[in-house]
Amino acid sequence: MMLPVLLLALSSAPLEVRVLERDRLTEVMLEADRFSCDGKKLANRAIEVRPKDRRLRAGDQACEVLTAEGDIRVLSGALKRRYYARLSLSNEAEVLRFINTIDVEDYLPSVVEAEAGGSPPAALEAQAIVSRTFAVASRGRHSASGYDLCDLSHCQVFRGHDDESAAARKAVKQSAGQVLLVGGVVLKPAFFHSSCGGGTSKAIDVFSEEGAGGGVNDTGKDGPLCKDAEGFAWEWSIERIELAAALGANPQGDLSAFEILRRDGSGRVLQLKSFGKRYSGVEFASKLGRAFGWQTFRSLRVTMEQVEGLIRFKGQGLGHGVGLCQQGAKALAGKGADSRAILARYFPDCQVRGF
């Protein structure tokens, strides 16, 4: 009977989420219900903050840590974000560092809206359960840097609370406290992606880390469930010399630009060689995404052909292919499936449990 106690502890403790890291802000206006400078309460309801001399300049105060509480707004030029609970600011190499301390259930509506906004209610509820499982199971994902999660896509997208919808809030409320447990007892991160292309993969194969859900065949008599997704089938062509440059390789000689070493049961490329160097599929896709944009090399369910100096990739789906296929979830919801049925399809080794 220890499991419910452990889950309750994991779910009730606030998350520490680093926000606005990519924006690298050096000056903001903060509005909040309460402020404190190194634990000393301030009378301000609005305050201008910037890094200075390894500390913060907050109005006329010098602080190591400035804390804003309540309903918080961050304003910097065109950027406007709203956060709840507590936002702590410090100076990180003369750039502002923001940590939002927030309860899991308050964190989720923004995530669900950012990741699956516009989906049918059953698909939104399935997303809420998957995102809650990921958040609770991923505490300390960035522990070496002093927080649990970030607000970027490799954790979960979190844009603050102005972007929440009523539908996302309802999905979180209706699924409150529910997570996916492997075998009904083991908590592991649950992942999701846009379109699986006809089959999902195991986290251990793609990411080399344990996760909820095994690979499933998502193709029926009418084809893949996600086949109607925009850009389901895709092609991308690039000159051999450009691909080599992006990888820091020499394009000369007979070395293959894309030699597949291993695929998994869904057809996703797990290991490959390019110009003589070995890559995991995720590593290769990440390099191309950084070099050419994240919507170019869209999936590892892919083949390649080379005609003279031109390399042509052809693939299906979008994303890493692990866990919940969001487009498949939409299709199932459109056929009347509820969130439990959707999750049973993509996480057949798991049960939904509440705490």
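The values are calculated or read from the model by the stated rules, or taken from the named source; none is laboratory data. All figures in this text were calculated on a predicted structure; none of them were measured in a lab. A quick note on method: Cβ atoms are made from the backbone with ideal geometry, for glycine too, and the neighbour counts reach across all protein chains shown.
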- For the subset of the stretch 46-60 comprising residues that are at pLDDT 95 or above and farther than 13 Å from Asn91 by Cβ, which member is surrounded by the most Cβ atoms within 10 Å (Cβ to Cβ)? Ile47
- Kindly list, by first and then second residue, each pair from a residue in the stretch 192-209 that is farther than 16 Å from Trp234 by Cβ to a residue that is acidic (Asp, Glu) and part of a loop (DSSP other than H, G, I, E, B), limited to pairs with Cβ atoms under 7 Å and residues at least 6 apart or on different chains. Gly199/Asp218; Thr200/Asp218; Ser201/Asp264; Ala203/Glu209; Ala203/Glu210; Ile204/Glu210; Asp205/Asp264
- Item | Single residue of Ala85, Ala68 found to be part of a strand (DSSP E or B), free of Cβ contacts under 8 Å to residues at least 40 places away in the same chain and crowded, with 17+ Cβ neighbours inside 10 Å | Ala68
- Message: Tell me whether the stretch 250-270 contains one or more residues that are assigned to a helix (DSSP H, G or I), more than 19 Å from Ala229 (Cα to Cα) and touching a strand residue (DSSP E or B) at 6+ places or on another chain (Cβ under 7 Å).
- Response: no
- If you scan the stretch 251-269, which residues turn out to be farther than 16 Å from Phe313 by Cα, surrounded by 14 or more Cβ atoms within 10 Å (Cβ to Cβ) and more than 27 Å from the chain's Cα centre (by Cα)? Pro251, Leu255
- Message: Within the stretch 132-140, does at least one residue satisfy the condition of being out of contact with any Pro (no Cβ under 7 Å at 6 or more places or on another chain), in a loop (DSSP other than H, G, I, E, B) and surrounded by fewer than 18 Cβ atoms within 10 Å (Cβ to Cβ)?
- Response: yes
